[in-house]
Amino acid sequence: MELILVVVGAIVVTAIAHRRGLEPALIIVVVGIAVSFMPDFEPPELDSHILLTVVLPPLLYSAALNFSFPTFLRNIRPILGLGVGLVVVTAFTVALVSSWLVVVPLTFATALVLGAIVAPPDAVTAVAVGRKLGLPKKVMAILTGESLINDAAALTLFTIAVAQVAGSHTFIENPVLLFTYSAVLGPVVGGVLGYITLWIRKRLANPGLETVQGLVVPFAAFILAEEMHASGVLAVVVAGFVVGNGTLSAGYQTRLQERYVWNSVDVLLEAFVFAYIGLHLRFVLEDLHGADESVAEVLVASLLVLLIVLVIRPLSVL
C-alpha cells in the first residue's frame with residue numbers, strides 16, 4: 001500500500017511540474033524531502049538489489065530502444081570517454097581527496113566506494129535539461145549514449161571497491177581482468193538475448209504478446225548477465241539496440257503499442273525513484289545522529305565531494 005501511495009503521489013507531482021514547466025525529478029525530490037519530515041511518517045523499504053533489478057533495466061532498455069545504434073557508433077569515442085573514462089577518473093579523484101581530508105575519516109577503499117556511487121551523473125535530468133536548453137543534436141546524442149554505459153562502469157568499480165572494504169573475493173581477483181570480462185561478456189549476453197527475442201517475435205505475430213515479451217527482455221538480460229558475473233547494464237543496452245533495430249520488421253501496431261507502453265514505464269519508474277530518494281533524507285539524518293556522527297561535518301564533506309564532481313567534468317571535457 002505504501003509503495004502505491006508513493007507512486008501515485010510522485011505521478012501527481014510530475015503532472016503539476018509539467019504544467020508549470022519545471023523539471024519533475026527535482027520537484028519530486030524536494031516534495032519527498034518535505035513529506036519525510038511529517039510526524040509518524042515511515043518510508044517504504046526495498047532491498048537495494050531488488051530496487052536495482054526492478055528500476056534500472058527497464059529504464060536503460062527503453063532508452064536503448066529509442067537510440068540509434070549507428071549514432072552511438074559515430075560518437076563512440078566521446079561516449080566511452082565520458083561513460084567510462086570520466087567515471088573512473090571521477091571515482092578515483094573523489095577517493096583520493098576524501099581519504100586525504102580529515103573532515104570525515106575514510107580509508108581509500110571506503111572512499112572509492114563513495115566515488116563509484118557519485119561518479120555517474122543522472123542521465124534523466126541531464127538529457128531533459130539539455131532538451132530544454134536546445135543543445136545541438138550531437139551533444140544530446142553523446143549525453144544519451146553516455147547515460148547508457150556510465151552505470152556499467154560505476155557498478156563494476158563499486159563491486160571491486162566493496163570487495164576490498166569487506167575483504168571478500170570477486171569472481172576474478174585482478175580488477176582490470178574483471179572489468180574487461182564484465183565489459184565483454186555483458187554485450188554478448190545482451191546480443192544473443194536480443195536476437196532470440198526477434199526470432200520469437202516473428203513467430204508470435206501478436207502485438208499484445210510481443211509487447212509483453214518486450215517487457216520481460218530487460219529483466220532477463222540483466223539477471224542472466226549478473227548471474228554470469230558480467231555487466232547486466234551492458235547486456236540490457238545491447239539487447240535494446242538489437243531489438244530496437246529489429247522492430248522495423250514488426251507490425252505497425254506492435255511499434256505504436258510498444259512506444260506508448262515504454263513511455264509510460266519511463267514516467268512511472270523515474271517518478272518512483274526520485275520520490276524514494278527524497279523520502280529517505282530524514283532517516284539518513286537520524287542514522288547519522290544514531291551513529292554519533294556530526295551532521296555539520298558530513299554536510300561539509302558532502303559539499304566538497306559535490307564540488308569535486310562538478311569541477312572535474314568540465315576539466316576532463318576540456
(Q) With the requirement that a residue be among the aliphatic types (A, V, I, L, M) and either loosely packed, with under 13 Cβ neighbours inside 10 Å or assigned to a loop (DSSP other than H, G, I, E, B) (or both), what does the stretch 48-62 give you? (A) ILE50
(Q) Looking at the stretch 1-29, I want the residues that are touching a residue at least 60 places away in the same chain (Cβ under 8 Å) and have a partner that is open to solvent by 100 Å² or more (accessible area, probe 1.4 Å) with Cβ atoms under 9 Å, at least 6 apart or on another chain. Which pairs are those? (A) GLU23/LYS132; PRO24/HIS18
Q: Scan (1) charged (D, E, K, R); (2) modelled with pLDDT of 85 or more; (3) open to solvent by 50 Å² or more (accessible area, probe 1.4 Å) for the single condition GLU146 breaks and write down its number.
A: (3)
Q) What is the one condition in (1) over 30 Å from PHE72 (Cα atoms); (2) open to solvent by 70 Å² or more (accessible area, probe 1.4 Å); (3) at pLDDT 85 or above that VAL305 does not satisfy? A) (2)
**Q.** Listing of helices (runs of 4 or more DSSP H) fully contained in the stretch 157-252 that carry 2 or more residues being farther than 21 Å from ILE76 by Cα
**A.** 175-204, 207-227
Q. Can you name the residue in the stretch 189-204 that is free of Cβ contacts under 8 Å to residues at least 40 places away in the same chain and among the hydrophobic types (A, V, I, L, M, F, W, C) and, of all such residues, is farthest from LEU234 (Cα to Cα)?
A. LEU204
Q) Any residue in the stretch 216-229 that is in contact (Cβ under 8 Å) with a residue 12 or more places away in the chain and farther than 30 Å from ALA163 by Cβ? A) no
**Q.** Conditions (1) modelled with pLDDT under 80; (2) in a helix (DSSP H, G or I); number of the one not met by GLU293
**A.** (2)
**Q.** Identity of the residue in the stretch 292-302, of a type in the set (A, V, I, L, M, F, W, C) and either touching a Pro at 6+ places or on another chain (Cβ under 6 Å) or open to solvent by 60 Å² or more (accessible area, probe 1.4 Å) (or both), that ends up farthest from ALA91 (Cα to Cα)
**A.** ALA296
(Q) What pairs come out if I take residues in the stretch 294-306 that are over 12 Å from LEU114 (Cβ atoms) and pair them with residues that are surrounded by fewer than 14 Cβ atoms within 10 Å (Cβ to Cβ) whose C-beta lies under 8 Å away, six or more apart or interchain? (A) VAL295/HIS289
Q | Any hit, the stretch 231-242, residues being modelled with pLDDT under 90, open to solvent by 70 Å² or more (accessible area, probe 1.4 Å) and closer than 28 Å to THR107 by Cα | A | no
Q. For PHE179, which of the numbered conditions (1) under 21 Å from the mean Cα position of the chain (by Cα); (2) open to solvent by 30 Å² or more (accessible area, probe 1.4 Å); (3) at pLDDT 85 or above fails to hold?
A. (3)
Q | Which numbered condition VAL311 misses (of (1) under 30 Å from GLY81 (Cα atoms); (2) in contact (Cβ under 8 Å) with a residue 12 or more places away in the chain; (3) assigned to a helix (DSSP H, G or I)) | A | (2)
Q | In the stretch 6-47, the residues that are within 14 Å of PHE272 (Cα to Cα), modelled with pLDDT under 80 and open to solvent by 40 Å² or more (accessible area, probe 1.4 Å) | A | GLU45, LEU46
Q. Consider THR159 against the criteria (1) over 15 Å from GLY85 (Cβ atoms); (2) in contact (Cβ under 8 Å) with a residue 24 or more places away in the chain; (3) within 21 Å of the chain's Cα centre (by Cα): it satisfies all of them except one. Which criterion is unmet?
A. (2)
Q | Any pair with Cβ under 6 angstrom, 6 or more apart, that starts in the stretch 83-106 at a residue that is closer than 22 Å to MET140 by Cα and ends at one that is modelled with pLDDT of 85 or more and assigned to a loop (DSSP other than H, G, I, E, B) | A | VAL87/ALA119; VAL87/PRO120; THR90/ALA119
Q) For the stretch 117-132, does any single residue satisfy the condition of being open to solvent by less than 30 Å² (accessible area, probe 1.4 Å), in a loop (DSSP other than H, G, I, E, B), modelled with pLDDT of 85 or more and closer than 25 Å to LEU304 by Cα? A) yes
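Table: residues versus (1) more than 24 Å from THR180 (Cβ to Cβ); (2) surrounded by 17 or more Cβ atoms within 10 Å (Cβ to Cβ); (3) not aliphatic (A, V, I, L, M).
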site	(1), (2), (3)
PHE69	no, no, yes
LEU82	no, yes, no
LEU86	no, yes, no
LEU106	yes, yes, no
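The values are calculated or read from the model by the stated rules, or taken from the named source; none is laboratory data. On a predicted model such as this, the values are computed, not experimentally measured, just so you know. Using ideal geometry, Cβ is built from the backbone for each residue, glycine included, and neighbour counts are taken over all protein chains shown. Accessible surface areas use protein heavy atoms only, side chains included; no ligands, DNA or RNA. Shrake-Rupley method; radii C 1.70, N 1.55, O 1.52, S 1.80 Å.
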